[in-house]
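A.B. asks: Take a look at the following structure, please.
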Amino acid sequence: MARVFNFSAGPATLPQSVLERARDEMLEWNGVGASIVELSHRGPEFMEVAARAEADLRALLSIPDDYAVLFLAGGATTAQALIALNFAQPGQPADYVVSGHWGKTAIKQVAPYVDARIAATSEDNGFHDVPPPSTWTLTPDAAYVHYTANETIHGVEYREVPRVDGGTLIGDFSSSIASEPLDISRFGLIYAGAQKNLGPVGVTVLIIRRDLLEREGQPRAEILDYRAHVRGESMLNTPPTWNWYLAGLVFRWMLDEGGVEEFARRNGRKAALLYDAIDGSSGFYRNDVAAAARSRMNVPFFLHDEALNAEFLAESKAAGLLALKGHRVLGGMRASIYNAMPEAGVQALVDFMRDFARRRG
Ligand SMILES: *Cc1c(COP(=O)(O)O)cnc(C)c1O
């Protein structure tokens, strides 16, 4: 069976060359006679893999030196919970901007620890737009302002880094990190589960401005303490070594392909191709998101007649286009077109969509 174009939202498609290299190194890594996943995380072999991955990520994202980088287990959702424990004082409020499903999850995860205030939400209009930063109601003594750069389910994205006037900005970049250049220095903290744009599920990347680590935060176990994780170089306990190694191969691949500037160009072309196909379908397909907030990574769309959904999914799958079913929260379809989705994949999708509309229109 040949590989197909996989539009899964996460875990998501990985570059074929990365998978081939991991296959070639699976049984025996770099002449040591064992797989990298069988070696101690504290041995020289894995330490080298870990250091190279961090150095490559720093180069890829132009991470300034006053930021620490962590590679941890637990996923983005665990990071959402730990942010409040680490960076909000007991009783101190924190501001949350809600532009979709994951913004709501973030509040749910911190509710036991912090007075989470909704600084802005676009829920009233069904998350078809993002609340503009000029409308955010910020709390003067808030520990931080949390927002979701790209909402993976609702398909809305902030295209510019919001200004928070001296506040500490925290961004959930799980589904858009490394998709375009980003000025990290505008943030207190950025986090991303790897399984959308960085590699395999099982490792989460955090980029933390070091002065935040001086905050006392709330009483917590050492294993929940980011200061301790930074001191321990993400090896307070056994880290997810295989996932870290694979993510490192993806970072290397992104650098070799031309870095985030090149991916920004490709992602812009891919998104334009797909949105043009939707908008130019005379209503056969529909995307409800305000044009300026449309995500370049996750494109939800609906067929004019929902009764055609099952046929669309069956025929697209037969045509080698995998995982187009929308998230159960929204229904319809969703195409996730992360860095590892080639332009040929999006071209194949729009060709199929036009053909399907011609036959069923
Ligand atoms: C997938 C996702 C999450 C949750 O990630 P887990 O690793 O499953 O915890 C959080 N935020 C965003 C924006 C996501 O896309």
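A.B. asks: Pick from PRO133, PRO342, PRO44 the residue whose mean-square fluctuation is largest in a GNM of the chain, springs joining Cα atoms under 10 Å.
C.D. replies: Of PRO133, PRO342, PRO44, the most mobile in the Gaussian network model is PRO44.
A.B. asks: Let me ask something else. Expressed as a whole number of Å, what is the distance separating the alpha-carbon centroids of the stretch 2-54 and the stretch 248-270?
C.D. replies: 18
A.B. asks: If you average 1/r over every pair of different alpha-carbon atoms in the chain and take one over that average, what Kirkwood value in Å do you get?
C.D. replies: Working: mean 1/r = 0.0470 Å⁻¹.
One over the average 1/r among Cα pairs gives 21.3 Å for the chain.
A.B. asks: Note down the net charge around GLY103, summing +1 for each Lys or Arg and -1 for each Asp or Glu among other residues with Cβ under 12 Å from its Cβ. Mind dumping the intermediate values first?
C.D. replies: On the way: positive: LYS104, LYS108; negative: ASP95, GLU123, GLU151, ASP172.
Net charge in that neighbourhood comes out at -2.
A.B. asks: Okay, helix-only estimate at 222 nm for the chain: each DSSP H run of n ≥ 4 adds -39500 (n - 2.57), divide by all residues, round to 500 deg cm²/dmol; what do you get? Intermediate results must be reported in sequence, preceding the final value.
C.D. replies: Working: 9 runs with 123 residues, N = 361.
That calculation yields -11000 deg cm²/dmol at 222 nm.
A.B. asks: Let me ask something else. Where is the GNM fluctuation largest for the chain (alpha-carbon springs, 10 angstrom cutoff): ASN243, ASN125, ASN86?
C.D. replies: In the Gaussian network model the winner is ASN125.
A.B. asks: Got a sec to turn the phi values of the stretch 329-345 into Karplus ³J(HN,Hα) couplings, 6.51 cos²θ - 1.76 cosθ + 1.60 with θ = phi - 60°, whole Hz, x for Gly and Pro?
C.D. replies: Per-residue couplings from phi come out as 4, 10, x, x, 10, 8, 10, 9, 10, 5, 3, 7, 7, x, 4, 4, x Hz.
A.B. asks: Quick check on the stretch 17-257: of the DSSP beta bridges with both residues there, what percent are antiparallel, nearest 5%? List each step's numbers first, then the result.
C.D. replies: Numbers: 13 of 28 bridges.
That works out to approximately 45 percent antiparallel.
A.B. asks: Turning to a different aspect of this structure: For LYS196, LYS108, what's the largest-to-smallest order of accessible area, 1.4 Å probe?
C.D. replies: Ranked from most to least accessible, the order is LYS108, LYS196.
A.B. asks: Calculate, for ASN30 and ILE118, the FRET efficiency according to 1/(1 + (r/R0)^6) with r their C-beta to C-beta distance and R0 45 Å; round to the nearest 0.05. Provide the component values of the computation, followed by the final result.
C.D. replies: Values: r = 50 Å, r/R0 = 1.11.
Efficiency, from the Cβ-Cβ distance: 0.35.
A.B. asks: Between ALA314 and ASP279, what's the calculated FRET efficiency when r is the beta-carbon distance and R0 is 25 Å? Round to 0.05.
C.D. replies: Details: r = 25 Å, r/R0 = 1.00.
Calculated transfer efficiency: 0.50.
A.B. asks: Of all DSSP beta bridges in the stretch 148-275, what percent run antiparallel (nearest 5)?
C.D. replies: Values: 7 of 11 bridges.
Of all bridge pairs located within the stretch 148-275, approximately 65 percent are antiparallel.
A.B. asks: Mind jotting down the distance between the C-alpha centroids of the stretch 84-106 and the stretch 151-192, whole Å?
C.D. replies: Distance between centres, Cα-based: 14 Å.
A.B. asks: Lys pairs in the chain, Cα-Cα under 22 Å, at least 8 apart or on separate chains: how many? List each step's numbers first, then the result.
C.D. replies: On the way: LYS104/LYS196; LYS108/LYS196; LYS196/LYS270; LYS196/LYS317; LYS196/LYS325; LYS270/LYS317; LYS270/LYS325; LYS317/LYS325.
Lysine pair count for the chain: 8.
A.B. asks: Through the Karplus equation 6.51 cos²θ - 1.76 cosθ + 1.60, θ set to phi - 60°, convert the phi angles of the stretch 212-219 into ³J(HN,Hα) values in whole Hz; use x for Gly and Pro.
C.D. replies: Listing the rounded values in order: 5, 6, 7, 5, 5, x, 10, x Hz.
A.B. asks: Accessible area of the chain with a 1.4 Å probe: how many percent of it is carbon plus sulfur?
C.D. replies: Details: 7800 of 15190 Å².
Carbon with sulfur: 51 percent of the solvent-accessible area.
A.B. asks: Picking from HIS101, LEU324, LEU213, whose Cα lies most toward the positive end of the charge dipole for the chain (charges on Cβ: Lys, Arg +1; Asp, Glu -1)?
C.D. replies: LEU324
A.B. asks: Also, I was wondering about something else. What ratio of Cα Rg to 2.2 N^0.38 Å holds for the stretch 216-256?
C.D. replies: Values: Rg = 14.0 Å, N = 41, 2.2 N^0.38 = 9.0 Å.
Taking N as the residue count of the stretch 216-256, the ratio is 1.55.
A.B. asks: With labels modelled as points extended 7 Å from the Cα through the Cβ direction, what inter-label distance (nm, one decimal) is found for SER40 paired with ASN125?
C.D. replies: Output for this residue pair reads 5.8 nm.
A.B. asks: Gaussian network model of the chain, Cα springs within a sub-10 Å range: biggest mean-square fluctuation belongs to which of ALA307, ALA277, ALA53?
C.D. replies: Comparing ALA307, ALA277, ALA53 in a Gaussian network model of the chain, the most mobile one is ALA307.
A.B. asks: Please turn the phi angles of the stretch 224-240 into ³J(HN,Hα) values with the Karplus equation 6.51 cos²θ - 1.76 cosθ + 1.60 (θ = phi - 60°), one per residue in order, whole Hz, x for glycine and proline.
C.D. replies: Values, residue by residue: 9, 9, 5, 4, 5, 5, 5, 4, x, 6, 6, 10, 4, 10, 5, x, x Hz.
The values are calculated or read from the model by the stated rules, or taken from the named source; none is laboratory data. Because the structure is a prediction, the values reported are computed rather than measured. With ideal geometry, Cβ positions are generated from the backbone for all residues, glycine too; neighbour counts draw on all protein chains shown. The accessibility values were calculated without ligands, DNA or RNA, using every heavy atom of the protein model including side chains. Shrake-Rupley method; radii C 1.70, N 1.55, O 1.52, S 1.80 Å.
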